[in-house]
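Note sheet for the following structure.
Every read-out reported here was derived from the displayed coordinates using simple, explicitly stated rules and does not represent laboratory data. As the structure is a computational prediction, the values presented were derived from the model and not from experiment. Don't worry about glycine lacking a Cβ; one is built from the backbone with ideal geometry, like all the others, and counts go over all protein chains shown.
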Amino acid sequence: MSQTATASKASTVEALRKRAYNIRRHALRMGEVQGQGYVGQALGIADVLAVSYFHALKIDPKNPEWEERDRFLLSIGHYAIALYAALIEAGVISEDEIEDYGSDDSILPMSGMAAYTPGMEITGGSLGHGLGIGVGMALGLKRKQSTSRIFNLLSDGELNEGSTWEAVASAAHWKLDNLIAIVDVNDQQADDKSSMVLNYEPIADKWTAFGWETYRVDGNDLEAVLEAFDNALASNSDKPRVIICDTLMGRGVPFLEKRDKNHFIRVDENEWSVALKELDDVYGIQSGEK
Amino acid sequence: MSAKKKLKTSAMIASIAGEDQPTTSAPFGHALVEAAGKNDKIVGMTADLGKYTDLHIFAKAYPDRYYQMGMAEQLLMMAGAGMAREGFIPFVTTYSVFASRRAYDFICLAIAEENLNVKIVGGLPGLTTGYGPSHQATEDVAIFRGMPNLTIVDPCDAVDIEQSVQAMVDFNGPVYLRLLRGKVPRVLDRFEGYKFEIGKAKQLIDGKDALIISSGLMTMRAIEASDELKEKGKEVGVLHCATIKPLDTQTILEEVRRHPDRPVFVAENHSVVGGLGESVASLLMKEGVAVKFYQIGLPDEFLDAGALPTLHDRYGISTKEVVKTIEQHVAVNVN
Ligand SMILES: Cc1ncc(C[n+]2csc(CCOP(=O)(O)OP(=O)(O)O)c2C)c(N)n1
Ligand SMILES: [Mg+2]
């Protein structure tokens, strides 16, 4: 790499790091409104969302329904808190909405739904729908000769659903090179660790065997995530792409990283300010600094 | 501007219990442990919702009789069918939405068509979560009522759940139970001699001014409404119909005919389409029983997300709203 390319990559990473910090901050502030919820997941996936929304995706924050946008499908409705944080950071949703997260008549319901929130493409929550919808949209985009792409963020739990694998097979069959699946492997499901609930390892081998171009990275290593996205998007293979991201729930807030992993966490009232403080310390940032 | 804080979804822990109502924690889990102590054919299976359907209590007591099948509801039903074929009595748990919507075909053919002894336990029936349509099983009864062989049980409270678990074990055939989980109110204790029986409706309160036929948590609301209306001088009967299918047609007809002038209200935690209300309506129509008939239930819509108390008010199934609905029609009737 030339010196200028190295410098520009470093500044890209630095900019994404700030975005990831802000996403985590927004998510913590929403978590505080309910006092509990899917904060661990949001902290875990923040780096991947930063790369998605501030590097990979083609979107117009002022016009979330822009025909030429890339479509980002969130099948895991409970991860809405994470996507809201990214959409707030991207300027699609106003930061003022944070204080109403999950409250009556909020545009940010706890489970993500298309009709409520700008930038929320599909109604998730019944897990295992997203990738199949993505197959249809990717076919539709090709039919329209559109160069837009479909991204689908799915969870390791969604790998349990048969419907996901119907879509995996179909996407390869149709050579959907405009479809990018992102799998959050946080090794957590509702009852237990994913590996205990229903072991899907070796995950990457399965996607490869189904005919996908497969990447697996540490989903909390921004540079690695960035590189995987760049390679996946630059590749001229005719296969669909999957980026499998191993993430740590609670990432960026040490006391949550260490806490017993749980699908749905409770955080005491006085702990939220501690969480925000720890996040600042990890990033070496003063709260609110952009 | 009002400083009143908006109610929160309060998510998975949403409880239907009133503030100082007596409750029992995880009645299903504890009853299943008790039943399993007497019958070693009982096994528990779940689709990554053991903790959220109170089956974790069973898992703890009988770890070697507990099968975590992963978040794969179709597989759960097929595997339940397989277990039953080999002579076991599987209690399979997931949320009502996923049992009824995603796994329907697998329940229908693998289980019901062969009349296999699988007990399907669905959490979050009707409107018992503020998560929106993905988790609100507003039409589960409508979906399942069309399935031959399947018995549908809609318990009112912890007492009903405790008794229905043993009744389901004693009953040979597929059953769908609309589970109330977590801290579940106890209300039927108050009716001496009350006994849950599959296929039987039970009169809880007699009253000449109106009759509520109800199931599930709406029986709790019906009792509260009847108590409130009594103070206002109106006697409202409550007939608890904990088995929705097969319907106890004999008891329902007898009760309705006993006071033919009483308006009949059917109250259910379910869409007004395809549930208990329409079952009772068609029964009365077929038998030529003409009464004033009203439904108290959820509208035929995809419902909002939000806090449960807000939503129960909004959709007319809170006690306050039930009282209002009855007063509208009973006042007219009495004057
Ligand atoms: C079809 C379906 N089955 C069950 C559920 C209930 N459920 C919600 S989240 C979840 C765990 C799924 O695993 P994952 O998304 O990996 O969980 P997380 O990493 O967020 O803990 C389950 C079983 C659901 N929403 N949809
Ligand atoms: Mg997970």
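Just want to confirm a number: the relative contact order over the range A:40-128, from Cα pairs under 8 angstrom separated by 6+ residues, in percent.
Relative contact order of the range A:40-128: 30 percent.
Hey, for a label at A:D218 modelled as a point 7 Å past Cα toward Cβ, could you say which residues of the range A:151-194 have their backbone N under 18 Å away?
A:184-187
List the aspartates and glutamates whose Cα sits under 18 Å from the Cα of A:K18, skipping any in the same chain fewer than 8 residues away.
In chain and number order, the partners are A:D47, A:E89, A:E95, A:D221, A:E223, A:E227, A:E278, A:D280, A:D281, A:E289.
Considering only A:A114, B:L124, B:H270, whose Cα is most displaced toward the positive end of the charge dipole of the protein assembly as shown, charges sitting on Cβ of Lys, Arg (+1) and Asp, Glu (-1)?
Comparing the listed Cα positions along the dipole, B:H270 ranks first.
How large is the dipole of the range A:3-283 about the Cα centre if only Lys and Arg carry +1 and Asp and Glu carry -1, each at its Cβ, rounded to the nearest 20 debye?
Here the range A:3-283 has a charge dipole of around 880 debye.
When you look at the Cβ of every residue in A:186-193, what mean number of other chain Cβ atoms sits within 10 Å?
What the average comes to for A:186-193 is 4.
Mind checking which of A:F229, B:G207, A:N199 is farthest towards the positive end of the protein assembly as shown's charge dipole, using Cβ charges of +1 (Lys, Arg) and -1 (Asp, Glu) about the Cα centre?
It is B:G207.
Cross-link partners among lysines for B:K200, C-alpha distance below 19 Å, same-chain residues fewer than 8 apart left out?
Filter leaves B:K119, B:K245.
Would you mind getting me the FRET efficiency between A:N262 and B:D261? Use the beta-carbon distance for r and R0 = 45 Å, nearest 0.05. Mind showing how you got there, number by number?
Details: r = 56 Å, r/R0 = 1.25.
The computed FRET efficiency comes out at 0.20.
Using +1 at the Cβ of each Lys and Arg and -1 at the Cβ of each Asp and Glu in the protein assembly as shown, identify which of A:V217, B:L7, A:M137 lies farthest towards the dipole's positive end.
Ranked along the dipole, the leading option is A:M137.
Report for chain A the percent antiparallel among DSSP-assigned beta bridges with both residues inside it, nearest 5.
Values: 2 of 24 bridges.
Antiparallel: roughly 10 percent of the beta bridges in chain A.
Return the distance in nm (one decimal) between the two label points of a simple spin-label model at B:K60 and A:Q3, each offset 7 Å from Cα along Cα→Cβ.
6.5
For a Förster distance of 35 Å, can you work out the FRET efficiency between the beta-carbons of B:N39 and B:D300, rounded to the nearest 0.05?
My answer for the efficiency is 0.30.
Helix A:222-234 versus the longest principal axis of chain A: what angle, 0 to 90°, nearest 10, using Cα atoms?
Computed tilt is about 20 degrees.
What percent does the relative contact order of chain A come to when contacts are Cα pairs within less than 8 Å and at least six residues apart?
21
Along each principal axis of its Cα atoms, how long is the range B:98-195 end to end? Whole angstroms, biggest number first, please.
40, 35, 19
Calculate for the protein assembly as shown the 222 nm mean residue ellipticity that helices alone would give, adding -39,500 (n - 2.57) per DSSP H run of length 4 or more and normalising by residue count, nearest 500 deg cm²/dmol.
-11500 deg cm²/dmol
Kindly work out what percent of the DSSP beta bridges joining two residues of the protein assembly as shown are antiparallel, to the nearest 5. Kindly include the intermediate steps, with their values, before the conclusion.
Numbers: 12 of 69 bridges.
Antiparallel: roughly 15 percent of the beta bridges in the protein assembly as shown.
Which chymotrypsin sites (Phe, Trp or Tyr not before Pro) does the range A:137-197 hold that lie in a coil by DSSP with at most 10 other beta carbons within 10 Å? Provide the component values of the computation, followed by the final result.
Working: sites: A:F151, A:W165, A:W174; in loops: A:W174.
Here no loop site has a sparse enough neighbourhood.
Rounded to the nearest 5, what % of the DSSP beta bridges within the range B:186-335 are antiparallel ones?
Working: 3 of 17 bridges.
Of all bridge pairs located within the range B:186-335, approximately 20 percent are antiparallel.
Please identify the GluC sites (Glu not before Pro) of the range B:233-335 that satisfy two criteria: DSSP loop assignment and at most 14 other Cβ atoms within 10 Å. Which are they?
When the GluC sites (Glu not before Pro) of the range B:233-335 are filtered for loop state and at most 14 Cβ neighbours within 10 Å, B:E287, B:E301 remain.
Between B:A281 and A:A114, what is the spin-label point distance in nm, taking each point 7 Å from the Cα along the Cα→C-beta axis?
So the two model labels end up 3.1 nm from each other.
What relative contact order, as a whole-number percentage, does the range A:114-197 give when Cα pairs under 8 Å and 6 or more residues apart are counted?
31
Using only the alpha-carbon atoms of the protein assembly as shown, report the extent along each of the three principal axes, biggest first, to the nearest angstrom.
Computed over the Cα atoms, the extents are 92, 63, 49 Å.
Quick one: putting +1 on the C-beta of Lys and Arg, -1 on the C-beta of Asp and Glu, what dipole do you get for the range B:199-329 around its Cα centre, in Debye to the nearest 20? Don't jump to the answer; show the numbers that get you there.
Details: 16 positive and 20 negative charges, 59 e Å.
Charge dipole, the range B:199-329, about its Cα centre: 280 debye, nearest 20.
Can you give the mean number of other chain Cβ atoms that lie within 10 Å of the Cβ atoms in peptide A:104-114?
6
Subtracting the Cα-Cα distance from 0.36 nm times the residue separation, let me have the gained length for A:M196 to A:W66 in nm, one decimal.
Values: separation 130, 0.36 × 130 = 46.80 nm, distance 4.20 nm.
Working it through step by step, the gained length comes to 42.6 nm.
What pairs in A:K193/A:K258; A:K206/A:K239; B:K51/B:K324 have C-alpha atoms more than 26 Å from each other?
Values: A:K193/A:K258 15 Å; A:K206/A:K239 14 Å; B:K51/B:K324 37 Å.
Result: B:K51/B:K324 exceed 26 Å.
For the range A:245-271 and the range A:137-164, what is the centre-to-centre distance using only Cα atoms, to the nearest Å?
Cα centres, the range A:245-271 to the range A:137-164: 29 Å.
Once a ≥ b ≥ c are taken as the square roots of the eigenvalues of the Cα gyration tensor of chain B, is the result rounded (a/c under 1.5), prolate (a/b larger than b/c) or oblate (a/b not larger than b/c)? Write down the numbers at each step before the final one.
Numbers: a/c = 1.77, a/b = 1.42, b/c = 1.24.
The shape class here is prolate.
Given N residues in the range B:251-333, what is Rg(Cα) / (2.2 N^0.38 Å)? Don't skip to the answer; put the middle values down first.
Numbers: Rg = 14.0 Å, N = 83, 2.2 N^0.38 = 11.8 Å.
That works out to 1.18 for the range B:251-333.
Taking the alpha-carbon distance from B:K6 and a cut-off under 12 Å, which aspartates and glutamates remain once sequence neighbours fewer than 8 residues away in the same chain are dropped?
Straight-line reach from B:K6, under 12 Å: A:E99, A:D100, A:D104, A:D105.
Are there GluC sites (Glu not before Pro) in the range A:57-119 that DSSP puts in a loop and that have at most 16 other Cβ atoms within 10 Å, and which ones?
For GluC sites (Glu not before Pro) across the range A:57-119 that sit outside H, G, I, E and B with at most 16 neighbouring Cβ atoms in 10 Å, the list reads A:E65, A:E67, A:E68.
Compute the distance from the alpha-carbon center of the range A:116-132 to that of the range B:123-201, in whole Å.
Here the two parts' Cα centres lie 30 Å apart.
Under 18 Å from the 7 Å Cα→Cβ point of A:E227, by amide nitrogen: which residues of the range A:1-36?
Only A:1-17 fall inside the zone, counting backbone N under 18 Å.
Between Rg and the Kirkwood Rh of the range A:3-283, both from Cα atoms, what is the Rg to Rh ratio?
Working: Rg = 17.7 Å, Rh = 18.8 Å.
Answer for the range A:3-283: 0.94.
When all C-alpha to C-alpha distances in the range B:23-185 are sorted into bins of 5 Å, what percent of pairs does each bin hold, rounded to whole numbers?
2, 10, 21, 25, 23, 14, 4, 0
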